[in-house]
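Take a look at the structure below.
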Ligand code: AHG
Ligand code: MN
Ligand code: MN
């Protein structure tokens, strides 16, 4: 057999070791580790179901839904047996559900499969997780203790933050999450932009902001998957992702609990910013599980520029 990606005679830093060295508390470490392991199961399901059926197009809708639900079930069941999670809230469920005995300290939010409409195209998709203490009906600033997302692409990568920086791991062929980028820091200003929604539905201030980015030479990078699109901003160390308020949907499309808060948590930990155009995403009060919000997220200069345009 050929050698794996890593030489284990050397000092490899895997996810568990990294969290231990960072001094993250034991239960949170274990929880993050268990979620990262679920990423392996979800990726196996993506491989299993993607092109399995003949007449792929006809069953396309059903199959996509199935994959969303399967991912949700795996996650929920795993967390129910973790011993650390009292409640689970997911994009796939109507409401927050009690999954523990009641005395556990964490609540987990999930977008189990983000970008599910991209599965047939073989573009990258992802899983987004938020970890809260006490209640999710608060601001993310008060309730969040960690966040992570997994990108299922040519490589499976995972970025987590437990309030001590944002760090990237790559799942290697031995099934180990190996540290690839420690303490990711966004630059003050980037060179890519990722604009959601249709131009005809944008508000005037948003349209002017995007025009400015185009005039300034920002490169368009939009796949239609929040995870790979935001991951590109993070890994390229800057730029902006936005899914704005639309004329007919003033709260935009993306969900605060399942998509926006976890990414805002990670991007802030990487020295970037995330706002709804006026207010930091982590300062927005959550009142319902399905709450949506416009989002401007990325490096500081572009987010500030967005705020300036939106205040006009
Ligand atoms: P999900 O697959 O979890 O429902 O999320 C889809 C989201 C997000 O991934 C992406 O940023 C956005 O939808 C894309 O929306 P448009 O197709 O309107 O661009
Ligand atoms: Mn999503
Ligand atoms: Mn989803």
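Couple of notes before you dig in:
- Lone unmet requirement of (1) away from ligand 2 (no atom under 16 Å from the Cβ); (2) within 29 Å of residue 283 (Cβ to Cβ); (3) in the same structural domain as residue 24 (by TED's automatic domain parsing); (4) touching a residue at least 24 places away in the same chain (Cβ under 8 Å) for residue 171: (2)
- Tally of residues being within 15 Å of the chain's Cα centre (by Cα) and more than 16 Å from residue 269 (Cβ to Cβ) across the range 131-150: 1
- Test: residue in the range 188-201 that is over 18 Å from residue 274 (Cα atoms), part of a loop (DSSP other than H, G, I, E, B) and away from ligand 2 (no atom under 16 Å from the Cβ): yes
- Test: residue in the range 211-225 that is under 22 Å from the mean Cα position of the chain (by Cα), part of a strand (DSSP E or B), more than 9 Å from ligand 1 (Cβ to nearest atom) and buried (at least 22 other Cβ atoms within 10 Å of the Cβ): no
- For residue 106: the one exception among (1) touching a residue at least 60 places away in the same chain (Cβ under 8 Å); (2) more than 13 Å from ligand 1 (Cβ to nearest atom); (3) at positive phi: (3)
- The listed residue being modelled with pLDDT of 95 or more and over 29 Å from residue 182 (Cα atoms), out of 224, 298, 217: 217
Conditions tested, residue by residue: (1) in contact (Cβ under 8 Å) with a residue 40 or more places away in the chain; (2) within 16 Å of ligand 1 (Cβ to nearest atom).
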{"position": "71", "(1), (2)": "yes, yes"}
{"position": "84", "(1), (2)": "yes, no"}
{"position": "88", "(1), (2)": "no, no"}
{"position": "99", "(1), (2)": "no, no"}
{"position": "112", "(1), (2)": "yes, yes"}
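- The condition of being part of a helix (DSSP H, G or I), within 14 Å of ligand 2 (Cβ to nearest atom) and either under 16 Å from residue 185 (Cβ atoms) or outside the structural domain of residue 117 (by TED's automatic domain parsing) (or both) does not hold for residue 290.
- Qualifying residue in the range 136-147 (condition: within 13 Å of ligand 2 (Cβ to nearest atom), surrounded by 16 or more Cβ atoms within 10 Å (Cβ to Cβ) and in the same structural domain as residue 26 (by TED's automatic domain parsing)): no
- In this structure, residue 271 does satisfy being out of contact with any helix residue (DSSP H, G or I) (no Cβ under 6 Å at 6 or more places or on another chain), part of a loop (DSSP other than H, G, I, E, B) and under 22 Å from residue 218 (Cα atoms).
- With respect to the conditions (1) under 22 Å from residue 281 (Cα atoms); (2) part of a loop (DSSP other than H, G, I, E, B); (3) within 16 Å of ligand 3 (Cβ to nearest atom), residue 123 lacks only one, and its number is (1).
- Screening residue 152 against (1) crowded, with 22+ Cβ neighbours inside 10 Å; (2) modelled with pLDDT under 95 leaves a single unmet condition, (2).
- Only one entry in 290, 231, 251 is at pLDDT below 95 and touching a strand residue (DSSP E or B) at 6+ places or on another chain (Cβ under 9 Å), namely 290.
- Some residue of the range 131-151 being within 16 Å of ligand 1 (Cβ to nearest atom) and in a loop (DSSP other than H, G, I, E, B): no
- For the range 231-255, the candidate set comprises residues that are within 19 Å of residue 129 (Cβ to Cβ) and away from ligand 3 (no atom under 14 Å from the Cβ); within that set, the residue that is nearest to the chain's Cα centre (by Cα) is 231.
- Hey, residue 126 touching a residue at least 60 places away in the same chain (Cβ under 8 Å), surrounded by 15 or more Cβ atoms within 10 Å (Cβ to Cβ) and within 16 Å of ligand 2 (Cβ to nearest atom) or not: yes
The values are calculated or read from the model by the stated rules, or taken from the named source; none is laboratory data. This is a predicted model, so every value here is computed, not measured. As a convention, Cβ positions derive from the backbone with ideal geometry for all residues, glycine included, and neighbour counts pool all protein chains shown.
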